Amino acid sequence: MNRIRLRQNVPMAVMVALLLLSLAGCNETTSASKTLLPVRLATAQNITVGNSARYSADIVPYTQVDLSFKSNGYIDSIYQVRSAEGGMRNVDQGDWVNKNTVLALVHQQDYTDKLDQAKAQLDRAQAEYEKAKLSFDRTSALYSTQSATKPDLDNATAQLASTTAAVDSAKAQISEAQVALGYCSLRAPFDGWVLKRNVDVGTLVGPATNGFTIADTRMVKAVFGVPDTSINRVKVGQQLSITTDALPGNFNGRVTNISASADPKSRVYSVLIMIQNPGDRLKSGMIASLMLGGQELAHPIIAVPLEAVIRDPSGHDTFAVLVADGAGDTVTANLRPVTVGSAYGNMIEIPSGLSVGEKVVTTGASQVKNGDQARVVY
């Protein structure tokens, strides 16, 4: 009898064992399929004596504005330009427009009606004024010969003042209606390129509706950030040369502005260079680079990119880097405390904690934790 029960329990034990193995396999699959965070790496390197500092700059237009409507209504028409096929089309991004060009026109009937009403009100007020003026002149003459009483003169004077005020009010209403009618036309405030068009014929617009964005790029600005340790190398009026990956040659400009305070997040000062842009070669949004004369160093120093340095979680005023251990596309990020020194362009000195040739995490350093595995992207 016991043998029969034992044989009946054997399949159940096998099923339990298989279930446990299956669960273990699922856990291994889940662990293996865990997504690794992508990171970029940089190598700790020596900065040599007399090394120049390279900075990245953004090219922005000299002037750029969003054109908004002040009148309510539906768009009746959009400024027309000749298309590549020879026909006509609505003005759009990439088109050049001249100052005072009417880019869009709001339906004007309501505003012309208000102007006509204001003119009719002025005609009525003017007629009342003429009548009151004649009455005042007549009463004034009679009063001078004592043929009219003082109350008669006061009444005529008050009537003249009232009609004069009504005329002035009607003129103000006409001026207001003319201004509102003028606002139906959205005009370009200067010569420039259309960067964006947000409306079409039939679009219902109102005050503050952004219709177009235009920019003047006959001069452009190159804007870059400089840390406080290097800000003394830049002066207003200084001539600097920039280069871009998109265009050959150098572009010369002059420093026109240096911010009075550092950005509270990046701790760098914004510097602005004005550059002549004949032929509109430099485009808004291009990335440029420039070199500032390096500081003479007494000896080579170890440095890493600024973005590789993070706050040490174990201390309030200490710093660390994530050292990438391993080879290939998968590495392990290990937190290592370091001391930091002066900044040189986009690099920062590491007096202790790193050796030349060690790889550190740059992009993704704020997301990866100590001991995490990460996927290297290039």
**Item:** Loop trypsin sites (Lys or Arg not before Pro), segment 289-378 (other Cβ atoms within 10 Å of the site Cβ: 13 or fewer; DSSP)
**Value:** 369
**Message:** Once you keep just the Cα pairs under 8 angstrom separated by 6 or more residues, what percentage relative contact order results for segment 57-198?
**Reply:** 41 percent
**Asked** Can you give the % of DSSP beta bridges in segment 288-357 that are antiparallel, to the nearest 5?
**Response** 100 percent
**Asked** Whole number please: convex hull volume per residue of the Cα set in segment 186-229, in Å³?
**Response** 131 Å³
**Request:** Please report, in Å, the Rg and the Dmax of segment 103-209, where both are computed over Cα atoms only.
**Result:** 23.3, 76
**Kirkwood-Stokes translational diffusion coefficient of segment 223-328, alpha-carbon pairs, 20 °C, 1.002 mPa s, µm²/s** = 126 µm²/s
**Request:** Would you mind getting me the FRET efficiency between residue 74 and residue 171? Use the beta-carbon distance for r and R0 = 45 Å, nearest 0.05.
**Result:** 0.90
**Message:** I'd like the orientation of helix 150-182 relative to the chain: the angle between its Cα long axis and the longest Cα principal axis, in ° from 0 to 90, rounded to 10.
**Reply:** 40 degrees
**Positive minus negative residues near residue 203 (Lys, Arg vs Asp, Glu; Cβ under 11 Å)** = -1
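Scanning the chain for GluC sites (Glu not before Pro) in DSSP loops with at most 15 other Cβ atoms within 10 Å, what's the longest stretch left with none?
Of all site-free stretches, the longest is 86-295.
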**Prompt:** For residue 83, what charge total do you get from the other residues with a beta carbon under 13 Å from its beta carbon, if Lys and Arg give +1 and Asp and Glu give -1?
**Reply:** -1
**Request:** Determine the dipole magnitude for the chain: charges of +1 sit on the beta-carbon of Lys and Arg, -1 on that of Asp and Glu, nothing else is charged, the reference point is the Cα centre, and the result goes in debye to the nearest 20.
**Result:** 1060 debye
**Prompt:** Per residue of the chain, what 222 nm ellipticity follows from adding -39500 (n - 2.57) for every DSSP H run with n ≥ 4, rounded to the nearest 500?
**Reply:** -9500 deg cm²/dmol
**Fill in**
So, with points 7 Å from each Cα along the Cβ direction, the residue 239-residue 196 label distance in nm works out to 3.7 nm
**Message:** Please report the carbon-and-sulfur percent of the accessible area for the chain; probe 1.4 Å, protein heavy atoms only, DNA, RNA and ligands left out.
**Reply:** 53 percent
**Asked** Only one of the listed values, [x] 28, 27, 20; [y] 35, 27, 17; [z] 73, 37, 24, was derived from the coordinates as semi-axes √(5λ) of the Cα gyration tensor in Å; which label is it?
**Response** [z]
**Asked** With θ set to phi - 60° and the Karplus curve 6.51 cos²θ - 1.76 cosθ + 1.60, what are the ³J(HN,Hα) couplings of segment 105-115 in order, to the nearest whole Hz, using x for Gly and Pro?
**Response** 10, 7, 3, 9, 4, 4, 7, 5, 5, 5, 5
**Request:** Pairs of Cα atoms under 8 Å, at least six residues apart: use those to get the relative contact order of segment 204-300, whole percent.
**Result:** 34 percent
**Prompt:** Rounded to the nearest 0.05, what FRET efficiency is calculated for residue 257 and residue 346 with R0 set to 25 Å and r the Cβ-Cβ distance?
**Reply:** 0.75
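By the scheme Lys and Arg +1, Asp and Glu -1, what is the net charge of all other residues having a beta-carbon under 14 Å from that of residue 94?
Net of charged neighbours comes to +2.
What whole-number value in Å² describes the accessible area per residue of the chain for a 1.4 Å probe?
On the way: 22670 Å² over 378 residues.
Accessible surface, normalised per residue, equals 60 Å².
Quick one: which of 156-165, 69-78 comes out on top by average Cβ neighbours within 10 Å, and what's the full order, highest first?
Working: 156-165: 15.9, 69-78: 17.5.
Per-residue mean Cβ counts within 10 Å order the peptides as 69-78, 156-165.
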**Complete:** Answer check: segment 254-378, Cα atoms, Kirkwood Rh, Rg/Rh ratio of 1.05
**Request:** Would you mind calculating the relative contact order of segment 299-378 from Cα pairs under 8 angstrom and at least 6 residues apart, reporting the percent as a whole number?
**Result:** 36 percent
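The values are calculated or read from the model by the stated rules, or taken from the named source; none is laboratory data. Fair warning: this is a prediction, and the values are worked out from it, not measured in the lab. Every residue, glycine among them, receives a Cβ derived from its backbone with ideal geometry; neighbour counts consider all protein chains shown. What goes into the accessible areas is simple: the full protein's heavy atoms, side chains included, and nothing from ligands, DNA or RNA. Shrake-Rupley method; radii C 1.70, N 1.55, O 1.52, S 1.80 Å.
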